[in-house]
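> Okay, here's the structure, questions in a sec.
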Amino acid sequence: MKIFGIFFILFLSFLSAKYLDTKSCAECHEMIHYEHTHSMHHNSSLFKDEFHRKIKEKTYPNSYLCALCHTPAAKNLRAVITGKEQPSQTKEQSDGVSCFYCHQINKVLITKHENINFYAFSPGSKPKFFGNLKNPDTSDKHKSDSTNKIYKNSQVCMGCHGKKFNKYDVEICNGLDEKGKTSDCISCHMPKFPGGTTKLNKRGREEYTSHEFLGIRSDEMIQKAVELSLKVLDKNSIQLTIKNKMGHSIIMQPMRLKFAQTEIVRFGKVVWKNFKKYPIEDKKATFTILFKNNDGKQVLPPSATGYKYKNNLKANQAKEIVYKVPELQKGDIIKSTWISYVLRPALAKTLKITDREMLKKYIGTKTKIVVK
Ligand code: HEC
Ligand code: HEC
Ligand code: HEC
Ligand code: HEC
Ligand code: HEC
């Protein structure tokens, strides 16, 4: 109840500033608007993300705790969270993680179970948006403030991407790095592109901060997830090293599936593979998290009391896997490929997911060596 008390205050202060919808930013921030509306932040609501909606329906059919991060700008946030009111397609909710919301977070409170976004209280009609621009030009639509350091050190991401535990104290996700710190999210996920921040560009800026927020759905980003390397140890064993190059664990959203597929090819034919049908047969090279309840039955995160399966690798850490293989011959090609799915294919089937983007197999980095 204490937590809801805090939210209630935030919620009240929120109401006093008039909500400017995402569409209204396009007039001046054309490129950023275009990128943002094609990103998962804009598509995070029940109305636009089929995967999210189906998990919600299965776990919390009557209340919507998820709103805190998935539709945080909702006017009736508290009522929606508790189930007193149902989510509806208002501007605030359809906008998902909106521009207006993100740019007014002024502090992120770190708590044991879940981090909390605090909001700037700006009475009057002109909202104040935080950012990092040097000497921001004035605008008749909003004030700008470049003094809040959470927009430099990436803390602004942590209200939603920080750690999250369920009510049984089971960790569901964790966006911290190998040292338990926040990595430089902004450098990797918001690269600078040529162009101005606004259409008019009165300050003559040469670059702006992109807002695509690419991640697991980007072929280009997937290439940068891990580094794979192979080595022949002796005639019957090979070693695969997987190094996580990201600023967070390989698995943050537990329903993802990421794995290394390793094969030995001889005269064009696969003579050995690290799994036959399902990647999970090779538990060391398959990264995902499955939850269970007290009876050992597989369940979705909210009702988990423990893990049924958990293989993860923290930021910047590497693991070595040794495989016993049939006797190697000169000319054998050993290759390994990194593969990712937005959600485990088996889960996609259970949920009857129809969005083709979600069913896609993303091919990441590849490596190969030839036996000498
Ligand atoms: C503390 C903030 C927070 C809360 C609360 C939260 N989520 Fe999320 N959710 C996230 C973040 C952040 C991501 C993106 C994670 C990633 O890609 O690693 C996400 C991603 C997801 C995804 C993957 C969506 C996709 O298309 O890739 C699903 C499904 C999901 N959440 C379901 C839920 C459900 C259901 C609830 C409520 C029971 C919920 N979440 C509550 C922060 C939250
Ligand atoms: C009428 C034009 C106009 C509209 C509409 C507009 N902005 Fe701006 N915004 C500007 C100008 C001008 C700047 C300063 C640009 C510069 O210095 O290069 C700016 C700067 C910003 C900054 C940077 C602040 C800083 O200190 O770094 C943010 C964030 C921002 N706008 C967010 C928004 C959001 C969110 C919306 C929609 C709700 C929006 N803007 C709508 C004109 C506008
Ligand atoms: C208000 C909550 C919130 C904040 C603040 C936030 N995010 Fe997100 N983010 C989400 C949610 C929710 C999703 C998942 C939406 C979905 O898939 O339905 C997401 C998705 C993403 C994704 C895409 C994942 C994919 O599916 O490919 C990336 C990358 C990301 N966020 C990075 C960031 C970074 C970097 C910051 C800080 C600058 C940030 N986010 C701030 C809630 C937030
Ligand atoms: C060194 C670069 C780097 C840093 C730092 C980094 N990321 Fe990532 N992140 C990546 C890459 C590359 C991917 C895409 C590959 C993947 O998803 O497997 C990714 C994926 C993601 C995803 C989607 C992952 C999934 O499985 O759904 C989210 C969400 C995300 N990052 C958020 C963040 C946040 C929040 C931070 C800061 C705490 C951060 N990232 C820091 C490189 C980075
Ligand atoms: C997930 C949070 C998030 C969302 C959603 C978001 N922004 Fe940003 N935005 C940031 C962060 C963080 C920065 C500062 C990055 C930096 O300068 O390194 C930023 C920077 C900016 C800037 C300064 C740009 C520059 O050239 O440096 C503008 C303008 C801006 N955002 C406008 C918008 C608009 C308009 C939208 C919606 C169409 C939007 N933002 C959505 C987090 C967000």
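> Taking strands (runs of 3 or more DSSP E) that fall entirely within segment 297-341, which contain at least 3 residues that are of a type in the set (G, A, S)?
Per the criteria, no element qualifies.
> Kindly provide the set of residues from segment 131-177 that are part of a loop (DSSP other than H, G, I, E, B) and under 30 Å from L300 (Cβ atoms), ordered by number.
S154, G162, K163, N166, K167, Y168, D169, V170, N174, G175, L176, D177
> Among the residues in segment 223-245, are any surrounded by 15 or more Cβ atoms within 10 Å (Cβ to Cβ), of a type in the set (S, T, N, Q), in contact (Cβ under 8 Å) with a residue 12 or more places away in the chain and assigned to a loop (DSSP other than H, G, I, E, B)?
No, because not a single residue in segment 223-245 is surrounded by 15 or more Cβ atoms within 10 Å (Cβ to Cβ), of a type in the set (S, T, N, Q), in contact (Cβ under 8 Å) with a residue 12 or more places away in the chain and assigned to a loop (DSSP other than H, G, I, E, B).
> Within segment 173-217, work out how many residues are away from ligand 2 (no atom under 13 Å from the Cβ), in contact with a strand residue (DSSP E or B) (Cβ under 8 Å, 6 or more places away or on another chain) and among the hydrophobic types (A, V, I, L, M, F, W, C).
Counting residues in segment 173-217 that are away from ligand 2 (no atom under 13 Å from the Cβ), in contact with a strand residue (DSSP E or B) (Cβ under 8 Å, 6 or more places away or on another chain) and among the hydrophobic types (A, V, I, L, M, F, W, C) gives 3.
> Do we find that E220 is within 15 Å of ligand 4 (Cβ to nearest atom) and either touching a helix residue (DSSP H, G or I) at 6+ places or on another chain (Cβ under 9 Å) or touching a residue at least 24 places away in the same chain (Cβ under 8 Å) (or both) in this structure?
no
> Counting only residues that are more than 15 Å from the chain's Cα centre (by Cα), among the hydrophobic types (A, V, I, L, M, F, W, C) and either near ligand 1 (Cβ under 8 Å from one of its atoms) or outside any loop (DSSP other than H, G, I, E, B) (or both), how many does segment 41-79 have?
6
> Same structure again: Can you report the number of residues in segment 57-73 which are in contact with a Phe, Trp or Tyr (Cβ under 9 Å, 6 or more places away or on another chain) and within 14 Å of D95 (Cβ to Cβ)?
Residues flagged as in contact with a Phe, Trp or Tyr (Cβ under 9 Å, 6 or more places away or on another chain) and within 14 Å of D95 (Cβ to Cβ) within segment 57-73 amount to 4.
> Tell me the residue from K152, K164, K128 that is outside the structural domain of V299 (by TED's automatic domain parsing) and away from ligand 4 (no atom under 16 Å from the Cβ), please.
So the residue among K152, K164, K128 that is outside the structural domain of V299 (by TED's automatic domain parsing) and away from ligand 4 (no atom under 16 Å from the Cβ) is K128.
> Go through segment 80-110 and count every residue that is buried (at least 17 other Cβ atoms within 10 Å of the Cβ) and either among the hydrophobic types (A, V, I, L, M, F, W, C) or assigned to a loop (DSSP other than H, G, I, E, B) (or both).
The total comes to 14.
> Pick from V299, V325, V270: which is modelled with pLDDT of 95 or more, under 27 Å from H52 (Cβ atoms) and not acidic (D, E)?
V299
> How many residues are surrounded by 13 or more Cβ atoms within 10 Å (Cβ to Cβ) and either away from ligand 2 (no atom under 11 Å from the Cβ) or touching a residue at least 40 places away in the same chain (Cβ under 8 Å) (or both) when one looks only at segment 142-152?
Number of matching residues: 3.
> I would also like to ask the following. Take the residues of segment 153-189 that are touching a residue at least 24 places away in the same chain (Cβ under 8 Å) and polar (S, T, N, Q): which is farthest from H211 (Cα to Cα)?
N166
> Quick check, is K23 away from ligand 1 (no atom under 16 Å from the Cβ), at pLDDT 95 or above, surrounded by fewer than 18 Cβ atoms within 10 Å (Cβ to Cβ) and of a type outside the set (A, V, I, L, M, F, W, C)?
yes
Every residue, every condition in (1) modelled with pLDDT under 95; (2) under 25 Å from Q298 (Cα atoms); (3) in the same structural domain as D137 (by TED's automatic domain parsing), yes or no:
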| site | (1), (2), (3) |
| --- | --- |
| F11 | yes, no, yes |
| C28 | no, no, yes |
| I32 | no, no, yes |
| E50 | no, yes, no |
| E57 | no, yes, no |
| T71 | no, no, no |
| K75 | yes, no, no |
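> Name the residues in segment 26-40 that are surrounded by 16 or more Cβ atoms within 10 Å (Cβ to Cβ) and either touching a Leu at 6+ places or on another chain (Cβ under 6 Å) or in a helix (DSSP H, G or I) (or both), would you?
M31, I32, H33, E35, H36, T37
> A further question on this structure: I'm trying to understand the selection: among the residues of segment 178-191, which are assigned to a loop (DSSP other than H, G, I, E, B) and more than 29 Å from Y60 (Cβ to Cβ)?
Passing the criteria: E178, K179, G180, K181, S183, D184, M190, P191.
> Among the residues of segment 268-287, write down those that are loosely packed, with under 12 Cβ neighbours inside 10 Å and of a type in the set (V, I, T).
V270
The values are calculated or read from the model by the stated rules, or taken from the named source; none is laboratory data. The shown structure was predicted, so the numbers you read here are calculated from the model rather than taken from an experiment. Note that each Cβ is placed from the backbone with ideal geometry, even for glycine, and that neighbours are counted across all protein chains shown.
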